[in-house]
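*Asks:* The structure follows.
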Amino acid sequence: MLTFGVIGCGSIGGFLARLLTREDEVLAGRARLAAVAGRDPVRAGALAAEVGCDAADVEGLLARRDIDAVLVCTPSGTHAELAEAALRAGKHVLVEKPVDVTPQAADRLIAVARQAGRTLGVVSQHRFDPAARLARTVIESGRVGRVTSVMTELSWWRGPSYYASGSWRGTPDLDGGGALMNQAIHAVDLVQWLAGPVVEVAAHTARLAHPGIEVEDVATASLRFANGALGTLLATTAAYPGRTARTAVNGDRGSVVIDDDRLAYLHLAAEGEDAPAYGAFGAADQSAAYAASLVGDGARDVSGLLYQPHRDQLLDFCDAVRDGRPPLVDGSAGRQAVAVVTAVYASARTGRPQRVDSAVPANDERERGTW
């Protein structure tokens, strides 16, 4: 049994607190919630009362000897600072995405986790969607052949009330960026898990529908992967009224498409199969044959989030602590996603292609806002 504390009582902190305290046979006996903490004691008290645990301040939560692990669910630019404090207090740490807003902050955090001998993970629950797991399996097995191209599109909408719901939202210091850093970082992590690391980007960003924010609401990028595949990325919170996120991985013997976290298309060539000279134009979809194996728990939180992917990531984290292994999404994976996002921003700023920084000295002198 791993006993958790949650730091941050906003939307994601509340969701994870409810996940840890709901009746769930899978989680039973594996994880429990002892306390929540936040900068607003009234809000922390309300969440604690809702889920039936203790309320504390951050220092008090980290001092508790019965808490084994901490979930950090605060504004993005504060993640590394709070996670480092938790690691130094002897806790294992699972950080909400992104791991922080710069690769340098991620490097510091990874180093502290290594020195402390504690497990560090980053929430990236879409790796635990059944469709994503199937896609990873068929790509890794070589059944799609050589991966040739990747397309990922996140066309969402966020209204003014979303950005007004927290003073940190839409700010470069604490949000780290806009549609790409906050929302599409999940897609950036997923495509690299499926197709391998991105090594170079060429990008543009713009703020077109939200004049009151300081960051982008549209980002586009051309991607080059380490294996030679090419890709495209669109991330926007300016697509009214909001559509689904979609990722396609194409190979020379098969293709797989995930739309709204579901398998939307799959074709894997049979031995000796040869498609028509001009292609199948979307025909020959085999996804229905896998539908029965992809049925998952459809229970949703009041926030609208599915419980199952986050639950499965929590279980993986518990297993990692028990077995002394890295979790599926460790600090390095979180860093790689942030490195791609910051390379996109650098390319958009300079107007030139940008290499993705795979190793950065742990020396971040950026001034931050205070959480």
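The values are calculated or read from the model by the stated rules, or taken from the named source; none is laboratory data. Predicted model, so just to flag it, every value in this text is computed and none were measured. Counting neighbours? That spans all protein chains shown, and the Cβs are built from the backbone with ideal geometry, glycine included. Heads up: the accessible areas ignore ligands, DNA and RNA and are worked out on the full protein's heavy atoms, side chains in. Shrake-Rupley method; radii C 1.70, N 1.55, O 1.52, S 1.80 Å.
*Asks:* Which net charge results when you count Lys and Arg as +1 and Asp and Glu as -1 among the other residues whose beta-carbon is under 13 Å from that of Cys73?
*Replies:* +3
*Asks:* Take Arg30 and Ala63, extend 7 Å from each Cα along the Cα→Cβ direction, and tell me the distance between the two endpoints in nm.
*Replies:* 3.3
*Asks:* Using the heavy atoms of the protein chains and a 1.4 angstrom probe, tell me the accessible area per residue for the chain in square angstrom.
*Replies:* Per-residue value: 44 Å².
*Asks:* Could you order peptides 308-315, 334-341, 29-36 by the average number of other Cβ atoms within 10 Å of their residues, highest first?
*Replies:* Details: 308-315: 21.2, 334-341: 26.4, 29-36: 19.2.
In descending order of packing, they fall as 334-341, 308-315, 29-36.
*Asks:* When the accessible area of the chain is computed with all protein chains present and a 1.4 Å probe, what percentage of it is carbon and sulfur?
*Replies:* Heavy-atom surface of the chain belonging to carbon and sulfur, 1.4 Å probe: 51 percent.
*Asks:* Let me ask something else. Report, in deg cm²/dmol and to the nearest 500, the calculated mean residue ellipticity at 222 nm for the chain, where each DSSP H run with n ≥ 4 adds -39500 (n - 2.57) and the sum is divided by the residue count.
*Replies:* -9500 deg cm²/dmol
*Asks:* While we're on this one: Quick one: helix 79-88 against the long Cα principal axis of the chain, what's the angle to the nearest 10°, folded into 0 to 90?
*Replies:* Rounded to the nearest ten degrees, it is 60.
*Asks:* Treating the angle as unsigned and between 0 and 90°, give the value, to the nearest 10°, between the Cα long axis of helix 331-350 and the longest Cα principal axis of the chain.
*Replies:* Orientation of helix 331-350: about 70 degrees from the principal axis.
*Asks:* What ranking of Arg300, Arg65 comes out by heavy-atom accessible area, probe 1.4 Å, highest first? It would help to have the intermediate numbers written out before the result.
*Replies:* On the way: Arg300 135, Arg65 225 Å².
Reading off the accessible areas and sorting them downward yields Arg65, Arg300.
*Asks:* Here's another thing I want to ask about it. Taking the Cα centre of region 282-344 as the origin and placing charges on Cβ (Lys, Arg +1; Asp, Glu -1), which of Ala337, Gly298, Ala320 is farthest toward the positive end of the dipole?
*Replies:* Ala337
*Asks:* Then there's this: Using a simple charge model, +1 on the beta-carbon of Lys and Arg, -1 on the beta-carbon of Asp and Glu, nothing else, what dipole does the chain show about its Cα centre, in debye to the nearest 20?
*Replies:* That gives the chain a dipole magnitude of about 320 debye.
*Asks:* How far, in degrees from 0 to 90, does helix 41-51 lean away from the longest principal axis of the Cα atoms of the chain, to the nearest 10?
*Replies:* 70
*Asks:* Express as a percent, rounded to the nearest 5, the fraction of DSSP beta bridges in the chain (both residues included) that run antiparallel.
*Replies:* 60
*Asks:* Just to confirm my numbers, what's the Cα centroid distance between region 274-339 and region 215-257 in Å?
*Replies:* 17
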